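What follows is a single structure, written as structure tokens, with notes after it.
The values are calculated or read from the model by the stated rules, or taken from the named source; none is laboratory data. Just so it is clear, the structure is predicted and the values come from calculations on it, not from any experiment. Cβ sites come from the backbone with ideal geometry, for glycine too, and all protein chains shown count toward neighbours.
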């Protein structure tokens with residue numbers, strides 16, 4: 001069933017939001033503006049909403065029957081709260097469902113779930129800030145020094161368990177850096193993930209409705225050449241498309257990303273991030289279930305290298321949405 005025959009051609013684009021992080025709001029607005037431009041060009045009737053937490057429901061009830069395109073990022077936009085709200089009120093919406101979003105947002109538990117299905121992950125620990133102080137979730141009575149570095153050796157990564165954009169993340173090389181790094185991460189989340197640092201290259205795999213797009217390799221701008229028309233650079237990083245990986249590594253990245261998409265019950269557009277070691281081992285790091293579509297973004301460039309236009313991405317995300325009349329198989 002196409003968007004034209006189910007729910008009409010009216011699309012409400014939610015962007016901006018009420019995050020405490022200006023970067024998240026700016027990222028979301030750029031995403032929403034681009035989607036609106038593409039959908040208008042495709043003949044859709046667009047309603048642009050920039051809601052705050054206390055205005056969201058009142059704004060939505062003015063557009064009953066419309067499809068909601070979720071372009072919110074960060075907390076609430078991609079942690080499962082918004083999909084739950086939209087399903088409760090019976091709105092058709094884009095993106096992944098409540099369970100997929102909530103689990104993906106929880107980086108530690110998502111990785112543990114994937115490991116149980118044969119996906120290689122770095123050694124990790126989860127700490128919680130409680131009334132009794134910092135405690136390991138799985139070993140609440142074990143002191144920090146008894147686990148680090150025996151389970152997770154130095155160097156290691158300390159990050160907010162439910163963070164985004166690398167905020168609050170620190171690479172810790174020595175023991176005296178550990179507690180300050182945990183304190184930094186706690187500024188973003190009460191749960192802190194301590195993770196084995198994996199030496200190697202970064203790989204990013206976008207998945208569109210179960211289809212793997214061209215694989216991307218990224219690294220420091222000074223370390224990677226920009227070799228193709230799809231590759232691009234930001235202030236600090238270079239993104240090489242297609243990534244310079246062996247055939248066997250590319251196949252592993254493809255198969256695992258398809259598996260993760262299915263296991264989470266994803267819809268629309270997602271992105272899996274990995275670290276690939278020099279000897280070809282592929283470690284899953286996290287999955288982004290709210291992979292944004294912006295003019296200069298990995299999604300748009302990976303799609304272009306796969307023969308898709310930006311509008312093709314948006315229309316597929318719109319088609320692969322949840323609706324009250326099409327619940328089966330949706331998480």
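Some notes on this structure:
- Odd one out for residue 158 among (1) farther than 27 Å from residue 260 by Cβ; (2) buried (at least 17 other Cβ atoms within 10 Å of the Cβ): (1)
- Test: residue in the range 203-213 that is surrounded by fewer than 21 Cβ atoms within 10 Å (Cβ to Cβ), part of a loop (DSSP other than H, G, I, E, B) and assigned by TED's automatic domain parsing to the domain that holds residue 278: yes
- Enumeration of residues in the range 80-93 that are in contact with a helix residue (DSSP H, G or I) (Cβ under 9 Å, 6 or more places away or on another chain) and surrounded by fewer than 20 Cβ atoms within 10 Å (Cβ to Cβ): 81, 84, 85, 87, 89
- Members of the range 119-136 found to be in contact (Cβ under 8 Å) with a residue 40 or more places away in the chain and touching a helix residue (DSSP H, G or I) at 6+ places or on another chain (Cβ under 9 Å), listed by number: 119, 120, 121, 122, 124, 125, 126, 127, 129, 134
- Whichever residue in the range 161-178 is touching a residue at least 24 places away in the same chain (Cβ under 8 Å) and in a helix (DSSP H, G or I) and, among such residues, is surrounded by the fewest Cβ atoms within 10 Å (Cβ to Cβ): 175
- Residue that is under 15 Å from residue 257 (Cβ atoms) and either modelled with pLDDT under 95 or in the same structural domain as residue 250 (by TED's automatic domain parsing) (or both), where the choices are 330, 302: 302
- Where strands (runs of 3 or more DSSP E) fall wholly inside the range 28-131, the ranges with 2 or more residues that are within 21 Å of residue 190 (Cα to Cα) are 124-130.
- Selection status of residue 154, at positive phi, modelled with pLDDT under 95, not assigned by TED's automatic domain parsing to the domain that holds residue 19 and not in a helix (DSSP H, G or I): no
- Checklist (1) under 19 Å from residue 198 (Cα atoms); (2) touching a helix residue (DSSP H, G or I) at 6+ places or on another chain (Cβ under 6 Å); (3) surrounded by fewer than 18 Cβ atoms within 10 Å (Cβ to Cβ) applied to residue 286, failing item: (3)
- The numbered conditions (1) in contact (Cβ under 8 Å) with a residue 60 or more places away in the chain; (2) surrounded by 15 or more Cβ atoms within 10 Å (Cβ to Cβ); (3) within 29 Å of residue 166 (Cα to Cα) are all true for residue 33 except (1).
- Among residues that are within 19 Å of the chain's Cα centre (by Cα) and either surrounded by fewer than 20 Cβ atoms within 10 Å (Cβ to Cβ) or without any contact (Cβ under 8 Å) to a residue 40 or more places away in the chain (or both), residue 267 is not included.
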